[in-house]
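Structure first, commentary second.
The values are calculated or read from the model by the stated rules, or taken from the named source; none is laboratory data. These numbers were taken from a predicted model, which means no experiment stands behind them. Please note: Cβ atoms are built from the backbone with ideal geometry, for glycine as well, and neighbour counts cover all protein chains shown. Only protein heavy atoms, including side chains, enter the accessible area calculation; ligands, DNA and RNA are left aside. Shrake-Rupley method; radii C 1.70, N 1.55, O 1.52, S 1.80 Å.
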Amino acid sequence: NMNAGQEIFANTEVVKIADSNSLEFRAEVDETDIPKVQNGQIAQISFDAYEGESFNSEVLAINTQSIQTSTGAIAYEVKLKLPKEKNFFLGMSGEGEITVDKKQDVLHIPIEAVIDDKFVYVKQNGEFVKKEVSLGLSSESDVEATSGLFEGEEIAIGGFDQIGKKSIFQKIVKR
């Protein structure tokens with residue numbers, strides 16, 4: 001807030017002017033992922049205000065100056081194009097997902113099934129067995145299994161510390 005007669009400096013923000021026809025979405029991309037991001041790549045943006053909807057976008061620019069996120073991580077600001085199909089407002093929060101590579105018809109598994117970046121537990125003859133796999137492309141939720149697994153195999157996605165242990169009931173009944 002400014003008052004009449006108040007002294008202002010050259011860097012004092014007095015007013016914000018926005019052109020609603022040229023709004024853009026700014027995403028923070030982790031430093032480990034930024035080398036994969038390029039101008040023109042396709043992206044999807046979802047906003048908290050438009051729950052359940054996502055909007056097609058593309059990478060417009062990548063800032064080469066790093067920033068520190070609220071969690072202390074190093075990231076880079078990436079500008080994404082906002083579509084004209086909705087009314088977006090300054091300060092809206094959301095998430096952007098940039099497609100850095102794409103493959104069709106691949107075997108993919110939940111990322112939480114992978115242990116130490118190369119093992120999964122596969123069910124064989126009613127028991128889970130630790131098996132080495134080779135991995136390819138990954139997203140935040142899935143990873144490509146390039147070898148070591150076959151379609152239809154059942155894998156564990158949690159409870160790894162319980163695999164191989166028998167319950168008290170099983171010990172009593174089966175000895």
With 26 Å as the limit, write out which pairs from K16/K84; K36/K103; K16/K36; K16/K86; K81/K102; K36/K123 have Cα-Cα distances beyond it, or answer none. K16/K36; K36/K123
Ranking request for peptides 85-92, 2-9: highest mean number of other beta-carbon atoms within 10 Å first, then the rest in descending order. 85-92, 2-9
Note down the net charge around A73, summing +1 for each Lys or Arg and -1 for each Asp or Glu among other residues with Cβ under 9 Å from its Cβ. -3
Let's test the formula: R0 of 41 Å, r as the Cβ-Cβ distance of L107 and S66. What FRET efficiency results, to the nearest 0.05? 0.70
Rounded Å value of the spacing that divides the Cα centres of region 6-77 and region 108-164: 35
Quick one: putting +1 on the C-beta of Lys and Arg, -1 on the C-beta of Asp and Glu, what dipole do you get for region 46-175 around its Cα centre, in Debye to the nearest 20? 680
Relative to the present Cα-Cα distance, how much length would full extension add between A10 and N87 at 0.36 nm per residue of separation? 24.5 nm
With only alpha-carbon atoms in the gyration tensor, what are the semi-axes of the equivalent ellipsoid for the chain, in Å, largest first? 48, 20, 16
So for the chain, averaging the separation of alpha carbon pairs under 8 Å that are six or more residues apart and normalising by length, what relative contact order in percent results? 17
Could you please tell me the mean projected area of the C-alpha convex hull for region 1-51, averaged over all directions and given in square nanometres to one decimal? 7.3
Within the chain, helix-based [θ] at 222 nm, where runs of 4 or more DSSP H residues each add -39,500 (n - 2.57), nearest 500: -1000 deg cm²/dmol
Can you pull the one-decimal nm distance between simple spin-label points at S20 and N3, each 7 Å off the Cα toward Cβ? 3.3
Between D30 and Q44, what is 0.36 nm times their sequence separation minus the Cα-Cα distance? Round to one decimal in nm. 3.3 nm
Spin-label pair E151/Q124, simplified geometry with 7 Å Cα→Cβ offset, distance in nm: 2.2
For region 147-157, Karplus couplings with θ = phi - 60° (6.51, -1.76, 1.60), whole Hz, Gly/Pro x: 7, x, 10, 10, 4, x, 5, 8, 10, 8, 10
From the C-alpha coordinates alone, can you work out the Kirkwood hydrodynamic radius of region 3-85, in Å? 15.3
Starting from one equal scatterer on each C-alpha and no solvent at all, send me the Debye-based log10 I(q)/I(0) for region 76-175 at q = 0.16 Å⁻¹, two decimals. -0.81
Square roots of five times the C-alpha gyration tensor eigenvalues of region 67-123, ordered largest first and given in whole Å, equal 33, 19, 11
Per residue value of the accessible surface for the chain (all protein chains in place, 1.4 Å probe), Å²: 76
